[in-house]
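Coordinate-derived values only; no laboratory data. These numbers come from a predicted model, not from an experiment. Here the Cβ is made from the backbone with ideal geometry for all residues, glycine too, and neighbour counts use every protein chain on show.
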Amino acid sequence: MDISTALQVFAACVVSVALLFFSLAFVVNWLRFRRQVRPYRRYGFAAACVIIGFEILALTVSPSLLTGLSVVLVILIDAWVMVRTAAFTNVGIYYSMRLGHSGFPLFMRRFPPRPESAAGEPPAAAPIAQANSEAPAPAEAAASAIVEQLRQHTLRPDVTPKQALLAAAAVAAGAAAFTAILFTLTSPRVSEFVRSFTSFDAGQVATERLATPFMLVFVLEVAVSEEIIFRLGIQNFLANVFNWRERRYWTAILFTSILWTLAHVGVIEPWWVKPAQIFPIGLALGWLYWRYGAETSMLAHGLFNVAGLLLTPTLMT
């Protein structure tokens, strides 16, 4: 076994064990902190529905994916995907709020959490207010308190949603430009590791057939799913466990980017090209999440993946 294959096997084992550990940890913590994460349940449900929606769309544009799979197996897989996505989202937001920022600042400002106390208990029912009373009902007061908390813990005061979207576009464009330069200098190719475990057609790389409707749906689903798991989930998990706050939060970004990079090892040859491409992009996405939230990092990740589909035929040999 040469060094390239050994590194690919090592990276695959490390990532598999890490993802299994974090998946179980988030599901367990979802149950453990069920009272605390109760205000964020609908965000987890929405995220799970988005991921399943992508999978349904992928099956719609490429029904051959179901060939050889039983209905029971597909249902079990989708059920686990929904549970895992909801757990990473709910607990990830809870960890984010503990660190002083929210996971989905843009979305949560538009759709604030339901007015429940920090312990997860719903507020007392509001009495019928008198017509001339100016005092807000308890539920309204609780909702206002949550909205005010979000204003303080989401986007920084000097940042607007428009700036967040521009930042996502800038990171995606920078990542695409960096990839184009790196791949032009190194002339990478699809690895034997990928070809040996898949039915990959090398001819697709040299043609426009790579940018199919299925691949478009697939790379967008990957962008959303990976940002929920790595940036919203693992990054904030590490920051909470090791108390990496404020400037020390960069340590969580660093370790999460390393794990995310290992997940991409072995895709192309020479083996070092993919880590050299992915690691700085992971740092940029981690910073983007920290500064602007998950919506922005998802957008940047999705734009970069789509750009990759379009650039690959001209950059891969």
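Listed by Cβ neighbour count within 10 Å, with the fewest neighbours leading, 247, 189 appear as 247, 189.
Using the beta-carbon distance between residue 160 and residue 184 and R0 = 41 Å, what value does 1/(1 + (r/R0)^6) give for FRET efficiency, to the nearest 0.05? It comes out at approximately 0.70.
Ranking of 274, 162 by neighbouring Cβ atoms within 10 Å, starting from the fewest: 162, 274.
In a fully extended conformation the segment linking residue 241 and residue 67 would gain 58.3 nm over its present Cα-Cα distance, using 0.36 nm per residue.
Note that the range 83-100 has calculated 3J(HN,Hα) couplings of 5, 5, 5, 5, 5, 4, 6, 4, 6, x, 5, 4, 4, 4, 5, 5, 8, x Hz, one per residue in order, obtained from phi through the Karplus relation 6.51 cos²θ - 1.76 cosθ + 1.60 (θ = phi - 60°); glycine and proline are x. Here r is the Cβ-Cβ distance between residue 59 and residue 10 and R0 is 51 Å; the resulting FRET efficiency, rounded to 0.05, is 0.95.
D by Stokes-Einstein for the range 1-102, Kirkwood Rh over Cα pairs, 25 °C, 0.890 mPa s: 155 µm²/s. Taking θ as phi - 60° and the Karplus parameters 6.51, -1.76 and 1.60, the scalar couplings of the range 49-64 work out to 5, 5, 5, 5, x, 4, 5, 5, 5, 5, 5, 5, 7, 9, x, 5 Hz in sequence order, x denoting glycine and proline.
Look at 67, 184, 261 and count the other Cβ atoms within 10 Å of each Cβ; fewest to most, that gives 67, 184, 261. What net charge is computed for the residues neighbouring residue 284, neighbours being all others with C-beta under 12 Å from the C-beta of residue 284, Lys and Arg scored +1, Asp and Glu -1? Net charge in that neighbourhood comes out at +2.
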